[in-house]
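K.L.:
My questions all concern the structure below.
The values are calculated or read from the model by the stated rules, or taken from the named source; none is laboratory data. As the structure is a computational prediction, the values presented were derived from the model and not from experiment. Cβ placement follows ideal geometry from the backbone for every residue including glycine, while neighbour counts extend to all protein chains displayed. Heads up: the accessible areas ignore ligands, DNA and RNA and are worked out on the full protein's heavy atoms, side chains in. Shrake-Rupley method; radii C 1.70, N 1.55, O 1.52, S 1.80 Å.
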Amino acid sequence: MNLASLAPLAVVLPILGAALTFVLIRHSRAQRAVSISLLSLTLLLECLLLASVWNGGTAAVNIGGWLPPWGIVLVVDQFSSLMLVVSSAVSLAVLVYATGQGMADGDQDAPVSIFHPTYLILVAGVSNAFLSGDLFNLYVGFEILLTASYVLMTLGGTGPRIRAGVTYVVVSVVSSVLFLIAIAMVYGATGTINMADLAIKLSELDQGTKTLLHVMLLVAFGIKAAVFPLSFWLPDSYPTAPAPVTAVFAGLLTKVGVYAMVRTETLLFPGDSLNTPLMVVALLTMVIGILGALAQSDIKRLLSFTLVSHIGYMVFGLAMSSVAGLAAAVFYVAHHITIQTSLFLVTGLIERRGGSSSVDRLAGLAKLSPLLALLFFVPAMNLAGIPPFSGFLGKLGLIQAGIGLGTPLAYALVIGGVLTSLLTLLAVARVWNRAFWRKAEDAEHPDPVLLAVPAPEGGATAVRLLPRTMVGSTLGLVVLGVALTVFAGPLFQVADQSAAAMLDRSAYIQAVLGDGAPVPALALSGGGK
Amino acid sequence: MTVNLTLLTVMGALYACGIYLILERSLTRVLLGLMLLANATNLLILATGGYAGLAPFFSKDTDPAAYNDPLPQALILTSIVISFAVTAFMLGIIYRTWVLARQDDIQDDIEDRRVAETPSFDAEDDAVIPVETSEFPLPMRGPDGSAVAEPTATVEVGGRILLAEHAALEEKPGSANITGADTDTDTDGGAK
């Protein structure tokens, strides 16, 4: 028995956890223990999966013993297992943070009883989407995670959350309907929805049909990934949710959309037919997203806009469809999941300590809580791409790949990427200057919490405002972000190999359909550069 | 592949009505629109299976082409279950909106409106910098030692020309133009 046949457990364990925590809904202590231990177990399993494919190779598991073109197949390769490990590590940290918050607040802000089952179902949906080897199972994975996210988004049912939830639910449902229409069209045109089988059969279709299917899938995934013209729902709906929920949404949900786009582009529609429009869209996503961030005064909204903006980098790497570009995109996705989530978690802490998440009301936090300042500074500089950090390495990889491509559009994207990086720095520096550096007396409307004279035993107050579990889990994520920098060498190597394997496609197709499967010749004109 | 024209016409009508309804501002209509879209998509999937055939129970005597394609129907079952869950959730949301706000409309994002109406002038970043920035209070002097004139920098806000310091005052939350915007939305909502 090889290790990859354990892959279904990555979906089954969280669902089992959801069932258990739902049964234990009146026992919050047992609920916490079950959800944290099962998620840790899932993470361990996924680390084993990643280790089994670390040096290359692809493994497929046929669910229920049905053979591939008909049955459901789960595929483990370097990209999917890397995404699984990063996403589970991030969701575990957020889970610990959320339980810390729930305990500190006496379950007021986040009703923990329903939070745990829903959260675990969200994780199961994300894992299912990453592992899925056929389009309809990918759709089911999306629906599992979306339905869970609807509940998490409107947790507590307050006015602003319901308002944001309506936007979010309607946009998500429309994008799911588009995805389902695309699946129906693909099935009508080819008679299969298995992705490996599609890779062979789609190449036999005529160009017009292919382009139609391609655009339909890209639009559906583009809404989920928040790519520019389809991104307006995100900053409207994310900021109102509870801090841990926003953090996990920002880290994971859009990246599942990016993952689906990468699979569509590389496996189903290789070649460069839509690369030019994708590049234009990537440029617009980067620049317009970050300009939106500069206008915001609420940190959560600002971060939501940087989230949209940095999706552009990943689409840029994808649109180059070269090994270097795709590898940089894979690395960037892993980096961005970690960093964006930790920034949202830190914002949750800032809101607790400073009483607000608006930079107009925050001040003097560096003096009040140096640890908080450090926790914000490291991921913020990482996001902006300041040299030693992984954000810099990812952007450097993208820029190198862009210059390697050498077309005028690629140069425009390189310039846009550098500009976006600088503007991100400006946006986070503004938060830093106001919330952390300026004196509370200089602020026009400081929150009363900031002006309060520290109690004689100041330690007691600080612990209540910033519970140790919340700070600890945030610190863990920040350290993970730094670890991505320290171990960037091996990570980039894996990203390179997975990019080469994805562009080659033969490993994937043969793992799913058997060694005898015919691998269609790559109809690439410029993709192999 | 052959397609049933009736199915296709019904599907088109459902899509048209669904898209019309989701563009409305009333939540109940949006929900009805989403349901129509989901059902239209189910018909589309059904159509990909071709004409109706025999139920797909295996028997040696039957020609494989006589069977109906079972896969689209399995897909439809899954998608019906999913749209059922989403519809139930949306109904919950609509009820909650009604309980909270006594209205069935999609609400505006107040923070979004506030950012849109904020003047580009930022009191802290863009104010006229005094020449003397020392911690020790001195009368303000220009480089030649003469007293600096009153700051007369102006900004253009919403078609009005304001002194910079006045614009800075207006930017504060709770000041005239911002509370004005809030009252507008309130009366707007109350009128419906």
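K.L.:
Among the residues that make up region B:84-97, is at least one of them at pLDDT 75 or above and part of a loop (DSSP other than H, G, I, E, B)?
P.N.:
Initially, region B:84-97 is screened for residues at pLDDT 75 or above, giving B:84-97.
The next check asks that each one be part of a loop (DSSP other than H, G, I, E, B); those that pass are none.
Within region B:84-97, none of the residues are at pLDDT 75 or above and part of a loop (DSSP other than H, G, I, E, B).
K.L.:
Specify the residue that is nearest to the chain's Cα centre (by Cα); the eligible residues are those in region A:344-365 that are within 14 Å of another protein chain (Cβ to nearest Cβ) and of a type in the set (A, V, I, L, M).
P.N.:
The extreme case among them is A:Val359.
K.L.:
Which pairs have Cβ atoms under 6 Å, sit 6 or more apart or on different chains, and link a residue in region B:71-82 that is within 9 Å of chain A (Cβ to nearest Cβ) and in contact (Cβ under 8 Å) with a residue 12 or more places away in the chain to one that is assigned to a helix (DSSP H, G or I) and open to solvent by 50 Å² or more (accessible area, probe 1.4 Å)?
P.N.:
Pairs that qualify, where the first residue is within 9 Å of chain A (Cβ to nearest Cβ) and in contact (Cβ under 8 Å) with a residue 12 or more places away in the chain and the partner is assigned to a helix (DSSP H, G or I) and open to solvent by 50 Å² or more (accessible area, probe 1.4 Å), are B:Pro72/B:Leu46.
K.L.:
Among the listed residues A:Ala182, A:Ala164, A:Ala124, identify the single one that is out of contact with any Gly (no Cβ under 7 Å at 6 or more places or on another chain) and under 18 Å from A:Met83 (Cβ atoms). Before the answer, list the steps.
P.N.:
Values: A:Ala182 fails: under 18 Å from A:Met83 (Cβ atoms); A:Ala164 fails: under 18 Å from A:Met83 (Cβ atoms).
Checking each option against the conditions leaves just A:Ala124.
K.L.:
In region A:9-46, how many residues are under 29 Å from A:Val73 (Cα atoms) and not hydrophobic (A, V, I, L, M, F, W, C)? Give the derivation first.
P.N.:
In the first step, residues of region A:9-46 are kept if they are under 29 Å from A:Val73 (Cα atoms); the result is A:9-22, A:34-46.
Those still in the list that are not hydrophobic (A, V, I, L, M, F, W, C) too: A:14, A:17, A:21, A:35, A:37, A:40, A:42, A:46.
Number of matching residues: 8.
K.L.:
Six or more apart or on different chains, Cβ under 8 Å: which pairs go from a residue in region A:423-440 that's under 27 Å from A:Leu283 (Cα atoms) and open to solvent by 40 Å² or more (accessible area, probe 1.4 Å) to one that's of a type outside the set (Gly, Ala, Ser) and not in a helix (DSSP H, G or I)? Could you list them?
P.N.:
From region A:423-440, the pairs are A:Leu425/A:Ile386; A:Arg430/A:Val359.
K.L.:
One residue is enough: does region A:151-161 have a residue meeting the conditions in contact with a Gly (Cβ under 7 Å, 6 or more places away or on another chain), assigned to a helix (DSSP H, G or I) and within 12 Å of chain B (Cβ to nearest Cβ)? Before you say what the answer is, go through the steps one by one.
P.N.:
Initially, region A:151-161 is screened for residues in contact with a Gly (Cβ under 7 Å, 6 or more places away or on another chain), giving A:153-154.
Retained after the next criterion (residues that are assigned to a helix (DSSP H, G or I)): A:153.
Keeping just the survivors that are within 12 Å of chain B (Cβ to nearest Cβ) gives A:153.
Yes - at least one qualifying residue is present in region A:151-161.
K.L.:
Can you find even one residue in region A:258-276 that is among the hydroxyl-bearing types (Ser, Thr, Tyr), in contact (Cβ under 8 Å) with a residue 60 or more places away in the chain, more than 26 Å from A:Val512 (Cβ to Cβ) and open to solvent by 40 Å² or more (accessible area, probe 1.4 Å)? It would help to see each step written out before you state the result.
P.N.:
Step one: of region A:258-276, the residues among the hydroxyl-bearing types (Ser, Thr, Tyr) are A:259, A:264, A:266, A:273, A:276.
Add one more test, that the residue is in contact (Cβ under 8 Å) with a residue 60 or more places away in the chain, and what stays is A:259, A:266, A:273, A:276.
This time we only want the ones that are more than 26 Å from A:Val512 (Cβ to Cβ), so: A:276.
From what's left, open to solvent by 40 Å² or more (accessible area, probe 1.4 Å): A:276.
Checking region A:258-276: at least one residue is among the hydroxyl-bearing types (Ser, Thr, Tyr), in contact (Cβ under 8 Å) with a residue 60 or more places away in the chain, more than 26 Å from A:Val512 (Cβ to Cβ) and open to solvent by 40 Å² or more (accessible area, probe 1.4 Å).
K.L.:
Listed residues A:Gly251, A:Gly257; which is assigned by TED's automatic domain parsing to the domain that holds A:Tyr119, among the small types (Gly, Ala, Ser), modelled with pLDDT under 90 and part of a helix (DSSP H, G or I)? Write out each step before concluding.
P.N.:
Numbers: A:Gly257 fails: modelled with pLDDT under 90.
So the residue among A:Gly251, A:Gly257 that is assigned by TED's automatic domain parsing to the domain that holds A:Tyr119, among the small types (Gly, Ala, Ser), modelled with pLDDT under 90 and part of a helix (DSSP H, G or I) is A:Gly251.
K.L.:
Could you tell me which of the residues A:Leu50, A:Leu3 is crowded, with 16+ Cβ neighbours inside 10 Å and either within 23 Å of the chain's Cα centre (by Cα) or free of Cβ contacts under 8 Å to residues at least 60 places away in the same chain (or both)? Lay out the reasoning, then the answer.
P.N.:
Working: A:Leu3 fails: crowded, with 16+ Cβ neighbours inside 10 Å.
The conditions single out A:Leu50.
K.L.:
Name, by its number, the condition in (1) surrounded by 15 or more Cβ atoms within 10 Å (Cβ to Cβ); (2) over 30 Å from A:Asp360 (Cβ atoms) that does not hold for B:Arg102.
P.N.:
(1)
K.L.:
Take the residues in region B:51-66 that are of a type outside the set (A, V, I, L, M, F, W, C) and within 14 Å of chain A (Cβ to nearest Cβ); name whichever of them is farthest from A:Ala184 (Cα to Cα).
P.N.:
Taking region B:51-66 and keeping what is of a type outside the set (A, V, I, L, M, F, W, C), we get B:51, B:53, B:56, B:59-64.
This time we only want the ones that are within 14 Å of chain A (Cβ to nearest Cβ), so: B:51, B:56, B:64.
Numbers: B:Tyr51: 15, B:Pro56: 20, B:Pro64: 22 Å.
Of everything passing the filter in region B:51-66, B:Pro64 is farthest from A:Ala184 (Cα to Cα).
K.L.:
Right, another one. Within region B:45-58, how many residues turn out to be open to solvent by 30 Å² or more (accessible area, probe 1.4 Å) and outside any loop (DSSP other than H, G, I, E, B)?
P.N.:
2
K.L.:
Out of the residues in region A:222-239 that are in a loop (DSSP other than H, G, I, E, B) and surrounded by 24 or more Cβ atoms within 10 Å (Cβ to Cβ), which is nearest to the chain's Cα centre (by Cα)? Before the answer, list the steps.
P.N.:
Going residue by residue through region A:222-239, those that are in a loop (DSSP other than H, G, I, E, B) are A:226-227, A:231-232, A:238-239.
Filter once more, keeping what is surrounded by 24 or more Cβ atoms within 10 Å (Cβ to Cβ): A:226-227, A:231, A:238-239.
On the way: A:Ala226: 11, A:Val227: 13, A:Ser231: 15, A:Tyr238: 13, A:Pro239: 16 Å.
In this case the residue turns out to be A:Ala226.
K.L.:
Next question, about the same structure. Take the conditions within 14 Å of chain B (Cβ to nearest Cβ), in a helix (DSSP H, G or I) and under 14 Å from the mean Cα position of the chain (by Cα) and apply them to A:Leu146. Does it pass? Spell out the reasoning first.
P.N.:
Working: within 14 Å of chain B (Cβ to nearest Cβ): yes; in a helix (DSSP H, G or I): yes; under 14 Å from the mean Cα position of the chain (by Cα): yes.
Yes; evaluated as a whole, the condition is true for this residue.
K.L.:
Here is a list: A:Val173, A:Val151, A:Val215. Which entry is aliphatic (A, V, I, L, M), touching a helix residue (DSSP H, G or I) at 6+ places or on another chain (Cβ under 7 Å) and surrounded by fewer than 22 Cβ atoms within 10 Å (Cβ to Cβ)?
P.N.:
On the way: A:Val173 fails: surrounded by fewer than 22 Cβ atoms within 10 Å (Cβ to Cβ); A:Val215 fails: touching a helix residue (DSSP H, G or I) at 6+ places or on another chain (Cβ under 7 Å).
Within the list A:Val173, A:Val151, A:Val215, the selection yields A:Val151.
K.L.:
Something else: Here is a list of conditions, (1) surrounded by fewer than 20 Cβ atoms within 10 Å (Cβ to Cβ); (2) of a type outside the set (Val, Ile, Thr); (3) touching a residue at least 60 places away in the same chain (Cβ under 8 Å), and B:Leu31 meets all of them except one; can you say which number that is?
P.N.:
Here B:Leu31 clears every test but (1).
K.L.:
Here is a follow-up. Consider A:Ala184 carefully, then state whether it is in the same structural domain as A:Ser40 (by TED's automatic domain parsing) and open to solvent by 20 Å² or more (accessible area, probe 1.4 Å). Walk me through how you get there before you give the answer.
P.N.:
On the way: in the same structural domain as A:Ser40 (by TED's automatic domain parsing): yes; open to solvent by 20 Å² or more (accessible area, probe 1.4 Å): no.
Criteria not met by A:Ala184.
K.L.:
Out of B:Glu132, B:Glu124, which single residue is open to solvent by 60 Å² or more (accessible area, probe 1.4 Å), at pLDDT below 70 and within 9 Å of another protein chain (Cβ to nearest Cβ)? Break it down stepwise before answering.
P.N.:
On the way: B:Glu132 fails: within 9 Å of another protein chain (Cβ to nearest Cβ).
Within the list B:Glu132, B:Glu124, the selection yields B:Glu124.
K.L.:
If you don't mind, there's one more thing I want to ask. Would you kindly identify the helices (runs of 4 or more DSSP H) lying entirely within region A:291-377 that contain at least 3 residues that are open to solvent by less than 10 Å² (accessible area, probe 1.4 Å) and in the same structural domain as A:Lys395 (by TED's automatic domain parsing)? Talk me through it step by step, then tell me what you get.
P.N.:
Values: elements: A:299-320, A:323-354, A:365-368.
Because the criterion is at least 3 residues that are open to solvent by less than 10 Å² (accessible area, probe 1.4 Å) and in the same structural domain as A:Lys395 (by TED's automatic domain parsing), the helices (runs of 4 or more DSSP H) in region A:291-377 that meet it are A:299-320, A:323-354.
K.L.:
Within region A:154-170, work out how many residues are touching a residue at least 24 places away in the same chain (Cβ under 8 Å), open to solvent by less than 20 Å² (accessible area, probe 1.4 Å) and over 28 Å from A:Pro229 (Cα atoms).
P.N.:
1
K.L.:
Give the residues of region A:190-208 that are open to solvent by 40 Å² or more (accessible area, probe 1.4 Å) and within 12 Å of chain B (Cβ to nearest Cβ), sorted by residue number.
P.N.:
Scanning region A:190-208 gives a single hit, A:Gly191.
K.L.:
Where residues in region A:103-126 are polar (S, T, N, Q) and assigned to a helix (DSSP H, G or I), which of them is modelled with the lowest pLDDT? Talk me through it step by step, then tell me what you get.
P.N.:
Step one: of region A:103-126, the residues polar (S, T, N, Q) are A:108, A:113, A:118.
If we keep only those that are assigned to a helix (DSSP H, G or I) too, we end up with A:113, A:118.
Numbers: A:Ser113: 75, A:Thr118: 92.
The qualifying residue modelled with the lowest pLDDT is A:Ser113.
Here is a yes/no grid of residues against (1) within 11 Å of chain A (Cβ to nearest Cβ); (2) of a type outside the set (A, V, I, L, M):
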site: B:Gly12; (1), (2): no, yes
site: B:Tyr15; (1), (2): yes, yes
site: B:Thr28; (1), (2): no, yes
site: B:Leu31; (1), (2): yes, no
site: B:Thr41; (1), (2): yes, yes
site: B:Leu46; (1), (2): yes, no
site: B:Gly49; (1), (2): yes, yes
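K.L.:
May I ask you to list the residues in region B:14-28 that are over 15 Å from the mean Cα position of the chain (by Cα) and either without any contact (Cβ under 8 Å) to a residue 24 or more places away in the chain or crowded, with 17+ Cβ neighbours inside 10 Å (or both)?
P.N.:
Quick first cut of region B:14-28, residues over 15 Å from the mean Cα position of the chain (by Cα) only: B:14-21, B:28.
Within region B:14-28, B:Leu14, B:Tyr15, B:Ala16, B:Cys17, B:Gly18, B:Ile19, B:Tyr20, B:Leu21 qualify.
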